[in-house]
Amino acid sequence: MSQYVAFTEQDAIRYVQKNTTLFNIDDSLTCYEFGDGNLNMVFRVSNQAGQSIILKQALPYARCVGESWPLTLDRARIEAEALLAHSKVSPDHTAKVIAYNPELALMLLEDLGHMQILRTAQNQGQHFPLLGQHMAHYFANTAFYHSDFYLTAQRKKALVAQFINPELCQITEDLFLTDPFVGHERNNYPAELEPEVSKLQSNTSLRLAVAKLKSKFLSCPQTLLHGDVHSGSIFVDQSQTKLIDPEFAFFGPIGFDLGSFIGNLLINYCAQTGRMSDETARQTMQQHLLETLNITTSGFVQQFTELAAQHCQDISFADATYQQAFLQQVLQDAIGYSGCELIRRTIGLAHTSDIDTISDEKARLAVQQRTLVLGQALILNAQQVTTSAQLAELLHQHLN
């Protein structure tokens, strides 16, 4: 990375002028940096006609902490290559990469500014009827076409090596699957939650179930994951859904991405109790979230099954009985990981605005207590669920 330099806004303008054909040579360009994540710089470069492009550049450290937390710039390569790989099999639901420069650890991306970040929109009570259908397509296609069902063993192993991502995986292993369940100085929760947290961390059955989920995350390279499917990494409007920011991509268990998304829907479901004062509007929003969850899970299973029936390349995995058993385990994994997402977003380092921006402290605490209870129930009961309908029944039991 001898050519690497962290960009300023003027650097971004010069780079875009030189390396794209989007703008005319005499266009007057403006630029501003608006990255609100933890790791990277994100610039929007625009002309007076309203045309624009996104330049995203990795920093050699975690932006939220500073140079005391160094990070590899190779994550920019992984993110770009994951977007390119996923866009081949789910182009309608993956942000488009226009160009990638490994020396500068940057990408040029289509500007999705005309859409909304899903988390922000859901916090405002907005509905997206096509979201579940779109996410099911994304999960099924990205999972199937990068799995042993479709790839030769040699090709799969080469891709696993290509997407080795130890530094960012370590973040997930710690913040998602370790710290909240054993206690760590990085954890972040109000003192009023201490009794619930102490009980959770001393629950041996829960810790055993989480250890199994962590073991699978560490040692089960089933497909090329996005690795960080939360509501802040999804752009939406009434007709489109697009995923961004797969810098945590690696080959892992299929249920992880699906579970992360389920967990975020349920976080918002719980949070609406403290966000919406109008009971009718709240119930309508919560029902929409559960419908989205059901459409996603059932649609994923159906579409993966159809893909396997039509395009499975390995005779050992072409058996319908095996495929059914495989997908049941994926669903169980997803339910477990969704529970982990609920818990870690409540007491771990990285929270969500769904809960943290609830202004009433008493209401916010009640939501946090509920997410912890629900998260544990999902983890502990995951292995008893074999269908989307059974998941819906499990949620009905613990949300009513």
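The values are calculated or read from the model by the stated rules, or taken from the named source; none is laboratory data. The shown structure was predicted, so the numbers you read here are calculated from the model rather than taken from an experiment. Note that each Cβ is placed from the backbone with ideal geometry, even for glycine, and that neighbours are counted across all protein chains shown. Just so you know, the surface numbers come from the protein's heavy atoms only, side chains and all, with ligands and any DNA or RNA stripped out. Shrake-Rupley method; radii C 1.70, N 1.55, O 1.52, S 1.80 Å.
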### Query
Can you pull the percent of Cα pairs in the stretch 314-400 with separation above 22 Å?
40 percent
### Summary
The longest stretch of the chain containing none of the GluC sites (Glu not before Pro) that sit in a DSSP loop with at most 16 other Cβ atoms within 10 Å is 186-400
### Query
Taking all protein chains as present, what is the carbon and sulfur share of the accessible area of the chain, in % to the nearest whole number, probe 1.4 Å?
50 percent
### Message
Just the number: Rg to Rh for the chain, Cα atoms, Kirkwood Rh, two decimals.
### Response
0.96
#### Entry: Pairs of alpha carbons in the stretch 125-192 whose separation is greater than 16 Å (percent)
70 percent
### Query
Suppose every K and R has +1 on its Cβ and every D and E has -1 on its Cβ; what is the size of the dipole of the chain about the Cα centre, in Debye to the nearest 20?
560 debye
## Note on the structure
With all protein chains present and a 1.4 Å probe, the order of 42, 5 from largest accessible area down is 5, 42
### Task
Note down the relative contact order for the chain as a percent, whole number, built from C-alpha pairs under 8 angstrom at least six residues apart.
17 percent
### Summary
Of all C-alpha pairs within the stretch 257-321, those more than 20 angstrom apart amount in percent to 48 percent
### Query
Residues with amide H under 5 Å of residue 61's amide H, sequence separation 5 or more or different chain, H placed in the peptide plane at 1.01 Å from N; which?
71
### Task
Kindly provide the helix-only [θ] at 222 nm of the chain, computed as the sum of -39,500 (n - 2.57) over DSSP H runs of four or more divided by all residues, to the nearest 500 deg cm²/dmol?
-17500 deg cm²/dmol
### Task
Using only alpha carbon pairs under 8 Å that are at least six residues apart, calculate the relative contact order of the stretch 128-253 and give it in whole percent.
37 percent
### Query
All other residues with a Cβ under 13 Å from the Cβ of residue 52 taken together, and with Lys, Arg as +1 and Asp, Glu as -1, what is their net charge?
-2
### For the stretch 175-187, Karplus couplings with θ = phi - 60° (6.51, -1.76, 1.60), whole Hz, Gly/Pro x
6, 8, 10, 10, 3, x, 9, 10, x, 7, 5, 6, 4
#### Entry: For the stretch 57-208: Kirkwood Rh in Å [reciprocal of mean 1/r, alpha carbons]
19.1 Å
### Message
Which three numbers, in whole Å and largest first, are the semi-axes of the equivalent ellipsoid of the stretch 173-321 derived from its Cα gyration tensor as √(5λ)?
### Response
30, 25, 15
#### Entry: Accessible surface, per residue, of the chain when the full set of protein chains is kept, probe 1.4 Å, Å²
43 Å²
### Query
Residues with amide H under 5 Å of residue 27's amide H, sequence separation 5 or more or different chain, H placed in the peptide plane at 1.01 Å from N; which?
none
## Note on the structure
Listed residues 204, 72, 371; largest mean-square fluctuation, Gaussian network over the chain with Cα springs below 10 Å, found at 204
### Message
I'd like the Karplus ³J(HN,Hα) series for the stretch 113-118: coefficients 6.51, -1.76, 1.60, θ = phi - 60°, whole numbers in Hz, and an x wherever there's a Gly or Pro.
### Response
x, 6, 9, 10, 6, 4
